[in-house]
Amino acid sequence: MTDNYKKDLSIIISLFNEEESLSELVEWIEKVMLKEGYSYELIMVDDGSRDGSWKKIKELAERNKDIRAVSFRRNYGKSAALFTGFNLAEGRVVVTMDADLQDSPEEIPQMYDMVVNQGYDIVSGWKQHRKDNKLTKNLPSKLYNATARWITGIKLHDMNCGLKAYKNEVIKNIEVYGEMHRYIPYLAKNAGFDRITEKPVYHQKRKYGKSKFGLERFVNGFLDLLSLWFLSTFGKKPMHFFGFTGLVTFFIGGIIAVWLIIEKLVNQAHGLRFRPVTDQPLFYLALVALVIGTMLFLAGFICEMISRNSSERNHYNIRETI
């Protein structure tokens, strides 16, 4: 451990109604930390649990002074819990894991080594052999991860795995909000932390309770991914998207309209039969394209004005200065 950090490890656990698993999880983590000789802090964020989770956390904190805990008044979601934990983390390496005992603390030492000694910014867990239902979890997960790899360019097999290890610098330079916890590697990549790898990890069956996430998370996750891709690609240059799309749409509509008018005039000049321009459905499609193109172009101007007045317009992550 260097003097810049108070602990070797910060282990962040976000939880919601996981009272039954907490004692076993904390005991398991303590055993691994004692064996490896790490100095650590265990940051537990109770995301508005309605069972006895917070009471159990307070009991555990009384006998283990390495536990720090936060309790939300209501359920805000995993991103909010991780954001809070990241702000509190003081360890050289920050590890996130779920509280349902499906993630094994035995994986932490190797992930810590990959960050500290091998120089990775992020080490993401990869549940190669999932213990979930194949129809409702495995197949949708494979499709979701294939889409995420294609859009983000990050070659991770399991983007959504809760077990991850980060350099402290990474989590202090990104902002997790909404439901963007699934895409922390992509947020980190956009912030300049591109040394990202994965480690196969052992995945266990849920021992207590039931999963808090349904199939809707894959739909929501895809929409969040599109939003994140758009913001990271065009967030500071919206005119490049809206302006280009507007110009293309406008010119297509203009070309069609001019072609219809010229065709009508040529046929009329040669005494040929012709249809009035306004009788042709294609003419109205051309008008719609002209209007949409103009609106997109104006939207680009408005977005540029908003972007130029943003407090983040000149925010850049600096690696180091000399």
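The values are calculated or read from the model by the stated rules, or taken from the named source; none is laboratory data. All figures in this text were calculated on a predicted structure; none of them were measured in a lab. Ideal geometry is used to build each Cβ from the backbone, glycine not excepted, and the neighbour counts take in all protein chains shown. Heavy atoms of the whole protein, side chains included, go into the accessibility calculation; ligands, DNA and RNA do not. Shrake-Rupley method; radii C 1.70, N 1.55, O 1.52, S 1.80 Å.
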For this session: With a 1.4 Å probe and all protein chains in place, put Tyr202, Tyr38 in order of accessible area, largest first.
Result: Tyr202, Tyr38
Problem set entry | Value of relative contact order over region 253-311, rounded to a whole percent, pairs C-alpha under 8 Å and six or more apart | 38
Exercise. Once the Cα gyration tensor of the chain is diagonalised, what are the square roots of 5 times its eigenvalues, in whole Å and ordered largest first, as equivalent ellipsoid semi-axes?
Worked result: 52, 22, 17
Problem set entry | For peptides 61-73, 20-32, 94-106, sequence by mean Cβ density within 10 Å, most packed first | 94-106, 20-32, 61-73
For this session: Please report, as a whole percent, how much of the solvent-accessible surface of region 64-170 comes from carbon and sulfur atoms (probe radius 1.4 Å).
Result: 48
Exercise. What ranking do 44-50, 223-229 get when scored by the average of other Cβ atoms within 10 Å per residue, highest first?
Worked result: 44-50, 223-229
Exercise. Which entries in Lys142/Lys164; Lys31/Lys65; Lys127/Lys172; Lys6/Lys167 show an alpha-carbon gap greater than 21 Å?
Worked result: Lys127/Lys172
Problem set entry | Largest-first principal axis extents, alpha carbons of region 33-136, Å | 41, 40, 24
Seminar exercise, completed: Out of Leu272, Gly162, Gly243 - ranked by how far each Cα lies towards the positive end of the dipole of the chain, with unit charges on the beta-carbon of charged residues - the top one is Leu272
Problem set entry | Solvent-accessible ranking of Met111, Met239, largest area first, probe 1.4 Å | Met239, Met111
Seminar exercise, completed: Measuring from its Cα centre, region 47-192 shows a charge dipole (+1 at each Lys and Arg Cβ, -1 at each Asp and Glu Cβ) which, in debye to the nearest 20, is 380
Problem set entry | Cα centre as origin, Lys/Arg/Asp/Glu Cβ charges: region 146-188 dipole, Debye | 140
Seminar exercise, completed: Here the gain from full extension of Met295 to Trp28, 0.36 nm per residue of separation minus their alpha-carbon distance, amounts to 90.3 nm
Exercise. What size of dipole, in debye to the nearest 20, comes out for the chain about its Cα centre when the only charges are +1 on Lys and Arg C-beta atoms and -1 on Asp and Glu C-beta atoms?
Worked result: 800
Exercise. For the chain, what is the calculated [θ] at 222 nm in deg cm²/dmol (nearest 500), taking -39500 (n - 2.57) for each run of four or more DSSP H residues and dividing by its residue count?
Worked result: -15500 deg cm²/dmol
Exercise. Quick one: if the Förster radius is 30 Å, what FRET efficiency do Lys237 and Asn87 give, using the C-beta to C-beta distance and rounding to 0.05?
Worked result: 0.50
Exercise. How many angstrom separate the Cα center of region 175-192 from the Cα center of region 224-277?
Worked result: 35
Exercise. For region 225-302, what D do you get in µm² per second when you plug the Kirkwood radius from alpha-carbon pairs into Stokes-Einstein at 4 °C and 1.567 mPa s?
Worked result: 91
Exercise. Ranked highest first by average number of other Cβ atoms within 10 Å, how do 112-125, 275-288 line up?
Worked result: 112-125, 275-288
Seminar exercise, completed: Taking a ≥ b ≥ c as the square roots of the eigenvalues of the Cα gyration tensor, with a/c under 1.5 meaning rounded and otherwise prolate when a/b exceeds b/c and oblate if not, region 146-190 is prolate
